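Q: Handing you this structure, nothing more for now.
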């Protein structure tokens, strides 16, 4: 699945890449995280502040330590 990351924050990009690596839709990630699909969509745009609780739930659904979402994807340096 191709991933377009133009204009996204590193955090939003990481969520998208992790979800795509699992071949999950936003809806599937939302169900696993116990949040609404619109919350996942907002987190992936990076255009809104996502609460720490939501980030925690998304990270756990992706079977990641929450701090992993804050690491830049490999090959990207800022």
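The values are calculated or read from the model by the stated rules, or taken from the named source; none is laboratory data. In this text the structure is predicted, and so the values were computed from the model without any measurement. All Cβ positions, even for glycine, are placed from backbone atoms using ideal geometry, and neighbour counts span all protein chains on display.
Q: Within the range 17-33, take every residue that is surrounded by fewer than 20 Cβ atoms within 10 Å (Cβ to Cβ) and in contact (Cβ under 8 Å) with a residue 24 or more places away in the chain and give me the one that is nearest to residue 68 (Cα to Cα). Break it down stepwise before answering.
A: Taking the range 17-33 as the starting set, the residues that turn out to be surrounded by fewer than 20 Cβ atoms within 10 Å (Cβ to Cβ) are 17, 20-28, 31-32.
If we keep only those that are in contact (Cβ under 8 Å) with a residue 24 or more places away in the chain as well, we get 17, 22, 32.
On the way: 17: 12, 22: 16, 32: 18 Å.
Top of the filtered list is 17.
Q: Considering only residues of the range 57-78 that are loosely packed, with under 14 Cβ neighbours inside 10 Å and assigned to a helix (DSSP H, G or I), which is modelled with the lowest pLDDT?
A: Ranking the candidates gives 70 first.
Q: For the range 35-53, which residues satisfy the criterion of being more than 10 Å from the chain's Cα centre (by Cα) and either surrounded by fewer than 15 Cβ atoms within 10 Å (Cβ to Cβ) or at pLDDT 90 or above (or both)?
A: To start, the set of residues in the range 35-53 that are more than 10 Å from the chain's Cα centre (by Cα) comprises 35-39, 47-53.
Listed by number, the residues that qualify are 35, 36, 37, 38, 39, 47, 48, 49, 51, 52, 53.
Q: I'd like to check something: does the range 9-27 contain any residue that is assigned to a loop (DSSP other than H, G, I, E, B), modelled with pLDDT under 95 and over 14 Å from residue 54 (Cβ atoms)?
A: Here is the first cut: in the range 9-27, the residues assigned to a loop (DSSP other than H, G, I, E, B) are 9, 22-25.
Applying the additional criterion that residues be modelled with pLDDT under 95 yields 9.
Among the residues that remain, those that are also over 14 Å from residue 54 (Cβ atoms) are: 9.
The answer is yes; a qualifying residue exists.
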